[in-house]
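A short write-up of the structure that comes next.
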Amino acid sequence: MPPRVVVTRRLPPTSQAALEKLDADIYQWQEDCAMPRETLLKEVKGAQGILCMLTDKVDDELLDSAGQQLKVVSTMSVGYDHVDMEAIKKRKLPLGYTPDVLTDATADLTALLTLSAARRIKESIDAVRNGEWREWRPNWLCGSQFTQKTLGVVGLGRIGEAVAHRLKAFGISQVLYSGRSEKPEASKRLQAQFVSFDELLAKSDYVIVCCALTKETKEMFNYDAFKKMKRSAVFVNSARGGIVQQDDLVRALEDDLIAAAGLDVTTPEPLPTTSKLLQLPNCIVVPHIGSATLETRDQMGLMAVKNLEAGIQDKALPTSVL
Ligand code: GLV
Ligand code: GLV
């Protein structure tokens, strides 16, 4: 009997086709909404493989529901904070993920958010729509430039490096970074300097968050952190909403502790339309679309299918966290 696999969403076209060719008994959630938890818990029973999204929580409850025969969990994401790693480790399960293929798309979007927040694009678009555009005015909607400015990258991984590379093309003259450890190779390529979190906050004109959400990074951007930043600084987060104490970010923007913010991730997601963040003219929010290009999503889907396939065949996963 072919092994049962559970896939929590329809995949992008190329990877959906690859999935359908697997020699497996595939249960796939077909609706364009997240798979309800109860359905997932029920359907994973007896499965050898699970292909999930970052919106599916993988924990003891889910893995127990699946049962001992489960061989692999494959997430179609680079982040895996939705996966309880202790639960995975104690069952000695491999966890597949999708690094690298989304670096460029996510870096593009992060750079775009940085530029958009710096140049007050949300206010500008609103002004045109609202009829506030009366004439060209020398002091109107002036934002900040990149030439000769300092960029601070919190977490200089693949995505952080790719964003810095892009923003250097706009004139950034100094790159600072903070994180758990020094990254000699990336530092050399960017001529970047490893500094403490506090020094990065104090010296950067642009602060971008590119680290994973962990116990250490959870809510590291609180009111105190925003207070340490320049009042002219632009803050951008395309990593995970949980890295920011969101009420503190609202206060920081209201109190003019920083100039503007650009967010691709929030707490919760989706962000309620009543959120104060959406009322602030200097805060741009987009709906977690960092990796959302046709090319990247197809590659992520393909990687996730390959990891799933290898797992159910007892082979080493092409790209695994563990
Ligand atoms: C996106 O946020 C991902 O983790 O892939
Ligand atoms: C702007 O449009 C200028 O001509 O300076």
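Compute the convex hull volume of the Cα atoms of region 193-238, divide it by the residue count, and report the result per residue in Å³ as a whole number.
Hull volume over Cα atoms, normalised by residue count, gives 81 Å³.
Among 298-304, 119-125, what's the highest-first ranking by average C-beta atoms within 10 angstrom per residue?
298-304, 119-125
Computed from the mean reciprocal separation of all distinct C-alpha pairs, what Kirkwood hydrodynamic radius does the chain have, in Å?
Hydrodynamic radius (Kirkwood, Cα pairs) of the chain is 21.0 Å.
Suppose only helical runs count, i.e. DSSP H with n ≥ 4. What mean residue ellipticity at 222 nm does that imply for the chain under -39500 (n - 2.57) per run, divided by all residues and rounded to the nearest 500 deg cm²/dmol?
Value at 222 nm, helices only, nearest 500: -10000 deg cm²/dmol.
List, in the order given, every pair from K90/K306; K71/K218; K21/K306 whose Cα-Cα distance in the structure shown is over 19 Å.
Distance filter (> 19 Å) returns K90/K306; K71/K218.
Length gain on complete extension for the stretch K227 to T267, per 0.36 nm per residue less the alpha carbon to alpha carbon distance?
Fully extending the segment from K227 to T267 adds 12.3 nm.
For D255 and S124, FRET efficiency with R0 = 22 Å and r from the beta-carbon atoms, rounded to 0.05?
The value I calculate is 0.40.
Among the aspartates and glutamates, select those whose C-alpha is under 14 Å from the C-alpha of K228, and discard any that sit fewer than 8 residues away in the same chain.
D198, E199, D205, D248, D255, D256
Under a plain spin-label model, where a point goes 7 Å from the Cα along Cα-to-Cβ, how far apart in nm are Q69 and K218?
Going from the Q69 label point to the K218 one covers 3.6 nm.
How high is the FRET efficiency from I289 to E135, r the C-beta distance, R0 51 Å, rounded to 0.05?
0.90
Which order do peptides 56-62, 151-157 fall in by mean Cβ count within 10 Å, highest first?
Going by the mean number of other Cβ atoms within 10 Å, highest first, we get 151-157, 56-62.
Ranked highest first by the average count of other Cβ atoms within 10 Å around their residues, in what order do 261-270, 13-22 fall?
For the peptides 261-270, 13-22, the packing ranking is 261-270, 13-22.
Taking R0 as 22 Å, what FRET efficiency do you get between Q313 and R91 from their Cβ-Cβ distance, rounded to the nearest 0.05?
0.75
How large is Rg over Rh for region 103-285, taking Rg from the Cα atoms and Rh as the Kirkwood inverse mean of 1/r across Cα pairs?
My calculation puts Rg/Rh at 0.96.
Put a dot 7 Å past each Cα toward the Cβ at D32 and A17; how far apart are the dots in nm?
2.1
Please give, to one decimal in nm, the separation of the simple spin-label points placed at Q145 and Q191, each 7 Å out from Cα toward the Cβ.
1.9
By the scheme Lys and Arg +1, Asp and Glu -1, what is the net charge of all other residues having a beta-carbon under 15 Å from that of S15?
+1
Residues with beta-carbon under 14 Å from that of E295, excluding E295: net charge, scoring Lys, Arg +1 and Asp, Glu -1?
-3
State whether region 182-297 is rounded, prolate or oblate according to the following rule on the C-alpha gyration tensor (a ≥ b ≥ c being the square roots of its eigenvalues): a/c under 1.5 gives rounded; otherwise a/b larger than b/c gives prolate, and the remaining case gives oblate.
Verdict is oblate for region 182-297.
The numbers here are math on the coordinates, done by the rules we state, and not lab data. Not measured: the values here are computed from a predicted model. Neighbour counts run over all protein chains shown; Cβ positions are idealised from the backbone, glycine included.
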